[in-house]
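One structure is given below, encoded as C-alpha cells.
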Amino acid sequence: KTEHVQEVVEACKKKNIPIRIGVNSGSLPNRMVPTAENMVETARHHVEILESMGFYDIALSLKATDMNLMVEAYRLAAKTFPYPLHLGVTEAGTAFSGAIKSAMGIGILLAEGIGNTIRVSLTDNPVLEIQAAKEILKNLGLKDKVPNLISCPTCGRIQYDMIEIAKRIETYLLKVNKTINVAIMGCAVNGPGEASHADIGIAGGKGEALLFRHGKVIKKIKESEVYDVLVEEINNFDDSKNRGTVEE
C-alpha cells in the first residue's frame with residue numbers, strides 16, 4: 001500500500017539509507033511475459049512511486065534466471081534510468097554451472113561499463129559466492145590485492161601430483177591479500193617460459209619440482225616440499241615493490 005511505502009521512504013530519508021528496487025523475471029506482475037522491456041517497465045513503475053515521494057536514493061536490480069535475458073534487461077535499464085544497477089543472475093545454479101553462468105552474464109555487463117554492485121547466487125556455501133565474485137572482478141581488472149593462480153591443464157608430461165598441489169595452493173590464496181601471480185606448471189619443458197610473468201612458480205618433474213621467479217629457476221625442491229616452499233614464498237613476497245621484471 002502507498003501509505004506503507006511512504007513510511008519506509010520517510011524512515012530511509014532520516015537514516016540516509018538507499019532503497020533497492022528488485023525486479024525478477026519469474027515474478028512480474030499481472031503474469032507479464034518475462035522480456036527485457038516488461039522488466040524495465042515494471043522497474044519504472046516502482047521508480048516513479050518513489051520519485052513521486054521525493055525519494056531518489058535508488059538502486060535497481062533486474063535479475064533473471066536466463067543469462068541472455070538478464071544481460072538484455074540490464075542493457076536496457078542502463079539506457080533508461082540514471083540510478084546504479086545491482087547485477088546478478090538469479091537462481092543461477094550449483095557452484096560449477098552457476099559460477100560459469102554468473103561470470104558470463106555479470107562479466108559481459110561489467111566489461112561494457114554497466115553495473116555498480118554484483119551478487120553471485122549459488123546453490124552452495126555462500127563463501128563460494130564471494131570467491132566467484134572476486135574472481136570476476138579480478139579478471140576484469142576491477143579489484144586489486146587479489147592473488148592470481150596460473151596452472152597447466154593435464155598432459156602426458158606431468159610426473160607429479162600437480163592437481164592436488166594446485167588445489168591446495170588455490171585454497172591457501174583465499175587468505176592472501178596481495179597482488180601476486182602464482183604458477184603451478186606441469187613440467188620443466190614449458191613451465192618457466194610459459195609462466196615467465198608469474199611472480200612465483202613451480203614446474204614439476206618426477207618426485208621433484210623447479211622453483212622459479214619471473215621465469216628464472218631458483219632451485220630444485222622435493223615434491224613433498226613443494227606446498228610448504230610455495231607458501232613461504234607467497235608469504236615473503238612484497239607486492240609493493242616494482243613487479244613484472246626478471247630478477248638478476
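Details
- A residue that is over 19 Å from the mean Cα position of the chain (by Cα), open to solvent by 50 Å² or more (accessible area, probe 1.4 Å) and among the polar types (S, T, N, Q) occurs somewhere in the stretch 51-64.
- Neighbours by Cβ (under 6 Å, 6+ apart or cross-chain): first from the stretch 37-56, farther than 12 Å from Val5 by Cα; second loosely packed, with under 15 Cβ neighbours inside 10 Å and among the hydrophobic types (A, V, I, L, M, F, W, C): Asn38/Met32
- Checked against (1) touching a residue at least 24 places away in the same chain (Cβ under 8 Å); (2) surrounded by fewer than 15 Cβ atoms within 10 Å (Cβ to Cβ), Val89 passes all but condition (2).
- Filter pass, Asn236 being open to solvent by 40 Å² or more (accessible area, probe 1.4 Å), more than 24 Å from Lys138 (Cβ to Cβ) and of a type in the set (S, T, N, Q): no
- All positions within the stretch 109-118 that are closer than 20 Å to Gly22 by Cα and either within 11 Å of the chain's Cα centre (by Cα) or open to solvent by 10 Å² or more (accessible area, probe 1.4 Å) (or both): Leu110, Ile114, Gly115, Asn116, Thr117, Ile118
- The lone criterion from (1) buried (at least 18 other Cβ atoms within 10 Å of the Cβ); (2) at pLDDT 90 or above; (3) touching a helix residue (DSSP H, G or I) at 6+ places or on another chain (Cβ under 7 Å); (4) over 26 Å from Gly93 (Cβ atoms) left unmet by Ser151 is number (4).
- Within the stretch 1-37, considering residues that are assigned to a helix (DSSP H, G or I), in contact with a strand residue (DSSP E or B) (Cβ under 9 Å, 6 or more places away or on another chain) and not hydrophobic (A, V, I, L, M, F, W, C), the one nearest to Val71 (Cα to Cα): Ser25
- For Leu142, the criteria (1) open to solvent by 60 Å² or more (accessible area, probe 1.4 Å); (2) assigned to a helix (DSSP H, G or I) hold in every case but one, which is (2).
- Residues that are open to solvent by 50 Å² or more (accessible area, probe 1.4 Å) and either in a strand (DSSP E or B) or among the hydrophobic types (A, V, I, L, M, F, W, C) (or both), drawn from the stretch 214-229: Lys216, Val217, Ile218, Lys219, Lys220, Lys222
- Selected residue (only one of Val127, Val40 is closer than 23 Å to Asn148 by Cβ and either at pLDDT 95 or above or in a helix (DSSP H, G or I) (or both)): Val127
- Residues satisfying the stated conditions in the stretch 166-210, i.e. open to solvent by less than 20 Å² (accessible area, probe 1.4 Å), modelled with pLDDT under 90 and more than 25 Å from the chain's Cα centre (by Cα): Gly186, Cys187, Gly191, Pro192, Gly204, Gly205
The values are calculated or read from the model by the stated rules, or taken from the named source; none is laboratory data. Fair warning: this is a prediction, and the values are worked out from it, not measured in the lab. Cβ sites come from the backbone with ideal geometry, for glycine too, and all protein chains shown count toward neighbours. Heads up: the accessible areas ignore ligands, DNA and RNA and are worked out on the full protein's heavy atoms, side chains in. Shrake-Rupley method; radii C 1.70, N 1.55, O 1.52, S 1.80 Å.
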